[in-house]
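> Structure in structure tokens, see below.
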Amino acid sequence: MADKSCKLLEGKKASDFVASMDTFIFDCDGVLWNEGGPLNGAVEVLQELRKLGKRIFFVTNNSSKSRAAYLKKFEKFGIEASEEEIYCTSYAVAYYLKEILKFDKKVFTIGTTGMVEELDALNIPHTGSGPDQSSGGYNMQEWTSFTLDPEVGAVVCGFDEHFSFHKLIKAASYLAKESCLFIATNCDDRFPFSSNDIVVPGTGCLVISVETAARRKAEVMGKPERVIFDCMNSRHTIDPSKTCMIGDRLDTDILFGNNCGLKSVLVLTGISSLADVKNLETSGKADDENSIPDFLYAQYRSTTIT
Ligand code: PLP
Ligand code: CA
């Protein structure tokens with residue numbers, strides 16, 4: 001039995017809790033929306049918190065979009081947000097390289113246009129995005145006949161629908177140099193949604209491929225690691241004791257909140273269930289305790305607005 005247990009947030013306890021916090025960090029997929037559209041309740045809760053003068057941030061592990069693309073999504077779903085409030089892992093990578101590491105070389109990127117837009121926005125030169133040009137056959141000559149760009153000083157691995165064997169060769173070759181940085185956006189194993197019996201692998205599958213080929217571990221930006229929080233904190237100065245992380249997933253959002261010393265609140269509109277919380281509470285494994293939320297906000301509604 002774990003020492004920690006998750007408490008239900010309701011009534012006066014909920015309003016006292018909100019009054020004691022000054023900053024709320026929202027996970028996106030499974031909290032604000034799902035594949036069906038915006039979630040009922042999200043707009044109202046956010047409006048209420050803004051009325052109370054609370055500071056809001058949005059943190060998503062999804063690296064496929066830039067902040068600008070997210071802004072459009074927020075607008076489409078009728079959710080008020082500004083670019084400064086949005087921390088997607090594509091932006092976190094660019095910010096971390098530029099502002100924290102003061103990186104001044106070129107990036108070899110495994111990523112989508114969202115990643116490219118964020119690197120461009122911070123004037124970080126990059127190479128490697130988009131579909132590769134190889135013929136797709138078993139052709140060692142073709143696989144190995146490229147020259148490594150001496151300007152490349154980092155490999156970044158995010159979601160990439162054009163991920164390929166040739167990109168893997170290039171990434172591992174750059175990473176053979178010890179001085180080359182290795183950064184991953186996130187390690188989610190699967191997309192949060194599936195269609196019928198189809199499993200859609202997440203960015204973690206690409207990261208593990210590169211790690212295996214490179215024989216090195218990446219530094220991970222996204223939840224549950226705390227790097228994205230450190231980036232946010234360096235820009236906005238956040239007091240963890242007055243900050244609440246709201247998420248739908250125990251092993252990313254809630255673990256992230258707990259890792260960063262925030263108050264963590266689980267909503268039941270996405271991946272994790274009440275049974276999952278109970279399993280952690282009773283597992284007897286010390287590590288599991290880190291993923292137990294401080295609170296469960298069960299009143300948050302799960303219906304998708306259609
Ligand atoms: N990664 C990808 C590629 C996704 O599409 C998603 C959700 O749609 C996520 C990660 C998880 O996002 P979040 O952290 O907002 O739950
Ligand atoms: Ca989520």
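The values are calculated or read from the model by the stated rules, or taken from the named source; none is laboratory data. All values reported here derive from a predicted model rather than from experimental measurement. Backbone-built Cβ (ideal geometry, glycine too); neighbour counts: all protein chains shown.
> Which is within 16 Å of ligand 2 (Cβ to nearest atom), closer than 23 Å to TYR95 by Cβ and touching a helix residue (DSSP H, G or I) at 6+ places or on another chain (Cβ under 8 Å), of LEU266, LEU255?
Criteria check complete, one pass: LEU255.
> Run down SER241, SER283, SER272 and say which single residue is hydroxyl-bearing (Ser, Thr, Tyr) and surrounded by 20 or more Cβ atoms within 10 Å (Cβ to Cβ).
From the options SER241, SER283, SER272, the qualifying one is SER272.
> Of all residues in the range 178-194 being of a type in the set (S, T, N, Q) and within 16 Å of ligand 1 (Cβ to nearest atom), which is nearest to ALA154 (Cα to Cα)?
THR185
> Ok, one more. Does GLY261 count as closer than 27 Å to GLU99 by Cβ, of a type in the set (Gly, Ala, Ser) and surrounded by fewer than 23 Cβ atoms within 10 Å (Cβ to Cβ)?
Taking the combined requirement at face value, the residue satisfies it.
> Continuing with this model, one more query. Taking the residues in the range 205-226 that are surrounded by fewer than 18 Cβ atoms within 10 Å (Cβ to Cβ) and not basic (Lys, Arg) as candidates, determine which candidate is nearest to ligand 2 (Cβ to nearest atom).
CYS205
Yes or no, residue by residue, for (1) over 27 Å from HIS236 (Cα atoms); (2) in contact with a helix residue (DSSP H, G or I) (Cβ under 7 Å, 6 or more places away or on another chain); (3) modelled with pLDDT of 95 or more:
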residue: ALA81; (1), (2), (3): no, yes, yes
residue: GLU84; (1), (2), (3): no, no, yes
residue: CYS88; (1), (2), (3): no, yes, yes
residue: TYR91; (1), (2), (3): no, yes, yes
residue: LYS98; (1), (2), (3): no, no, yes
residue: ASP104; (1), (2), (3): no, no, yes
residue: THR112; (1), (2), (3): yes, no, yes
residue: SER145; (1), (2), (3): yes, no, no
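> Give the residues of the range 256-278 that are within 12 Å of ligand 1 (Cβ to nearest atom) and within 20 Å of GLU225 (Cβ to Cβ), sorted by residue number.
Listed by number, the residues that qualify are PHE256, GLY270, ILE271, SER272.
> Name the residues in the range 45-54 that are farther than 11 Å from ILE246 by Cβ and either of a type in the set (Ser, Thr, Tyr) or surrounded by 15 or more Cβ atoms within 10 Å (Cβ to Cβ) (or both), would you?
Listed by number, the list holds a single entry, LYS54.
> Provide a single number: the residues in the range 163-178 that are in contact with a Phe, Trp or Tyr (Cβ under 6 Å, 6 or more places away or on another chain) and within 15 Å of TYR138 (Cβ to Cβ).
1
> Looking at (1) more than 16 Å from ligand 2 (Cβ to nearest atom); (2) under 29 Å from ARG55 (Cα atoms), which is the only condition CYS180 fails?
Failed condition: (2).
> May I pose another question? Please go through (1) surrounded by 14 or more Cβ atoms within 10 Å (Cβ to Cβ); (2) more than 27 Å from LYS102 (Cβ to Cβ); (3) out of contact with any Phe, Trp or Tyr (no Cβ under 9 Å at 6 or more places or on another chain); (4) polar (S, T, N, Q) for ASN233 and return the number of the only condition it doesn't satisfy.
Unmet for ASN233, out of (1) surrounded by 14 or more Cβ atoms within 10 Å (Cβ to Cβ); (2) more than 27 Å from LYS102 (Cβ to Cβ); (3) out of contact with any Phe, Trp or Tyr (no Cβ under 9 Å at 6 or more places or on another chain); (4) polar (S, T, N, Q): (2).
> Counting only residues that are away from ligand 1 (no atom under 16 Å from the Cβ) and in contact (Cβ under 8 Å) with a residue 60 or more places away in the chain, which one in the range 19-44 is surrounded by the fewest Cβ atoms within 10 Å (Cβ to Cβ)?
So, considering only residues that are away from ligand 1 (no atom under 16 Å from the Cβ) and in contact (Cβ under 8 Å) with a residue 60 or more places away in the chain, the one surrounded by the fewest Cβ atoms within 10 Å (Cβ to Cβ) is SER20.
> Next question. Among the residues of the range 237-244, is there at least one that is within 12 Å of ligand 1 (Cβ to nearest atom), within 17 Å of ILE292 (Cα to Cα) and in contact with a strand residue (DSSP E or B) (Cβ under 9 Å, 6 or more places away or on another chain)?
no
> With the structure loaded, tell me whether PRO131 is surrounded by fewer than 21 Cβ atoms within 10 Å (Cβ to Cβ) and either more than 24 Å from ARG190 (Cβ to Cβ) or under 18 Å from the mean Cα position of the chain (by Cα) (or both) or whether it fails that test.
Judged against the criteria, PRO131 is not a match.
> Next up: For ARG190, work out the one condition from (1) away from ligand 2 (no atom under 16 Å from the Cβ); (2) surrounded by fewer than 20 Cβ atoms within 10 Å (Cβ to Cβ) it doesn't fulfil.
Status for ARG190: all satisfied but (1).
> Name every residue in the range 45-56 that is among the hydrophobic types (A, V, I, L, M, F, W, C) and either farther than 12 Å from LEU32 by Cβ or without any contact (Cβ under 8 Å) to a residue 12 or more places away in the chain (or both), in order of residue number.
Listed by number, the residues that qualify are LEU49, LEU52.
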